[in-house]
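Asker: Handing you this structure, nothing more for now.
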Amino acid sequence: MHQVNLAENIYYLGFNDRRTHLFENLWPIPYGVSYNSYIIVDEKIALIDTVEHSFTDDYLSQIEILTNGRPVDYLVINHMEPDHSGSLKAIVTKYPQITLVGNKKTFDMVANYYKVTANTLEVYDDSELPLGTHRLRFATIPMVHWPETMVTLELTSKILFTGDAFGSFGTLDGGIFDDELNLAMYEEEVMRYFTNIVGKYCPHTQRALKKIECMDVKMLAATHGPIWRSNLSYIMDRYEKWSTYTTEIGAVIVYGSMYGNTAKMADVIARQLAVRGVKNIRVYDASKTHASYIISDIFKYKAFIVGSAAYNNELFPSVETLLTKIEHTGIKNHLLGIFGSFGWNGGGVKNLQKFAETIKWELVGQPVEEKGTLKTEKFEQCIELANAMADKLLG
Ligand SMILES: Cc1cc2nc3c(=O)[nH]c(=O)nc-3n(C[C@H](O)[C@H](O)[C@H](O)COP(=O)(O)O)c2cc1C
Ligand SMILES: [Fe+2]
Ligand SMILES: [Fe+2]
């Protein structure tokens, strides 16, 4: 393997996963994901996080090469999620004298997930750990995106090891540092990673950003995706934007439709938005496009217009599932429009109205509900809904 230096005696030690279909068994990763660990070889040797358990054998071999067979003294645990703590037990077994470094929330998780006992060192905000030439300083960033998450700053190189913060889906296909790869290829994956994994905790992300902005940082080394050393503002600015729910002018239109009646209404609304000058319009069939992509676009654009066919007195199931996920993200500051088709006594729009009450986004225009296929009167109402939304979006 190539040795990848972040700075003198600080190495990248990560693996590409192109096999897993769903991250957290939930989110599609067509471009895979990397699990990034790091090692600092000094008078004392410190690992920063580990990797997903299926890479453990290779991981241990790489550590032996980089340490020249010396034992590892510390394992800094920035994050306990198993995609990073997956090799923890193997590390403790191989290096029984090792000291686990974490905060007061960490060690309870170590015991509960791995039934491991080891030496521990509890650290706090601004605690320091000397390794020789290198020195580590810690700061907790709770709920970005677990309770125990923290970041670790190496003071001589000014590298901040950030755990999942600033991470991305997508394997590292040769390029590991931001300046070695085409960032355009990561644009969507960086955003999906944030919106799917971290996006529920935007207020916590804001607090974490405030802490990090006070640090003297030259490189951001996350546990997934590229290492940011040339273009830190690329990722910092995006985190600032997304975690404050700052959106662009545009609309995401999603529908659930069995026989195309609700889909037709979506197309009418989309067309009228375009006629009015809205350029960013995405129309999705909730049964086909995974919520991962839809949620990402909702973070991007100000308006969300959702339609549902009535289905056994309820929402169409794929719409219901999507709306539940959206509620769970806690995303704020959006405009909402609703529509649907029914055949007997409804169930779609009625439940979309309940969603509107729960989510507390600004309901724009009148809900449009058609019986069966779209006819002149409801066509006009779809146009009015689109016009009302365009007025709000374009000001
Ligand atoms: C399995 C099934 C369940 C349905 N349940 C309801 C219902 O509870 N209430 C209602 O008004 N219409 C119900 N309908 C009728 C549809 O909502 C109606 O045909 C609507 O126009 C379908 O829109 P679509 O073409 O977008 O799928 C149901 C239809 C099907 C096939
Ligand atoms: Fe995580
Ligand atoms: Fe992770």
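Asker: Quick one: angle between helix 202-213 and the longest Cα principal axis of the chain, in degrees between 0 and 90, rounded to 10, please.
Answerer: Once rounded, one gets 40 degrees.
Asker: Rounded to a whole number, what % of the accessible area of the range 5-243 do carbon and sulfur atoms account for, probe 1.4 Å?
Answerer: Its accessible area is 50 percent carbon and sulfur atoms.
Asker: By its C-alpha gyration tensor, with a ≥ b ≥ c as the square roots of the eigenvalues, how is the range 1-137 shaped: rounded for a/c under 1.5, else prolate for a/b larger than b/c, else oblate?
Answerer: Oblate is the answer for the range 1-137, as a/c is 1.5 or above yet b/c matches or exceeds a/b.
Asker: Taking square-rooted eigenvalues a ≥ b ≥ c of the alpha carbon gyration tensor, is the range 293-395 rounded, prolate or oblate, where a/c under 1.5 means rounded and, failing that, a/b exceeding b/c means prolate?
Answerer: It comes out oblate by the Cα gyration axes.
Asker: Moving to a separate point now. For the range 168-225, report the accessible area per residue in Å² (1.4 Å probe, heavy atoms, rounded to an integer).
Answerer: With all protein chains present, the range 168-225 gives 38 Å² per residue.
Asker: Below 15 angstrom from the Cβ of P367, what's the summed charge of the other residues (Lys, Arg +1; Asp, Glu -1)?
Answerer: Once positives and negatives cancel, what remains is -3.
Asker: Shape of the range 5-243 from its Cα gyration tensor (a ≥ b ≥ c, root eigenvalues): rounded if a/c is under 1.5, otherwise prolate when a/b > b/c, or oblate?
Answerer: In terms of gyration-tensor shape, rounded.
Asker: A follow-up question, please. Going by alpha carbons, how many degrees (0 to 90, nearest 10) lie between the helix axis of 317-329 and the longest principal axis of the chain?
Answerer: The angle comes out near 50 degrees.
Asker: Relative to the longest principal axis of the chain, what angle (0 to 90°, nearest 10) does the C-alpha long axis of helix 232-243 take?
Answerer: 50
Asker: Might you work out the accessible area of D285 for me, using a 1.4 Å probe with all protein chains in place, and round it to the nearest 10 Å²?
Answerer: The value for D285 is about 50 Å².
Asker: Please turn the phi angles of the range 184-198 into ³J(HN,Hα) values with the Karplus equation 6.51 cos²θ - 1.76 cosθ + 1.60 (θ = phi - 60°), one per residue in order, whole Hz, x for glycine and proline.
Answerer: Taking θ as phi minus 60°, the curve returns 4, 6, 9, 3, 5, 6, 4, 6, 5, 4, 4, 5, 7, 9, 9 Hz for the range 184-198.
The values are calculated or read from the model by the stated rules, or taken from the named source; none is laboratory data. Predicted, not measured: the structure shown is a model, and the values here were computed from it. Every residue, glycine among them, receives a Cβ derived from its backbone with ideal geometry; neighbour counts consider all protein chains shown. Only protein heavy atoms, including side chains, enter the accessible area calculation; ligands, DNA and RNA are left aside. Shrake-Rupley method; radii C 1.70, N 1.55, O 1.52, S 1.80 Å.
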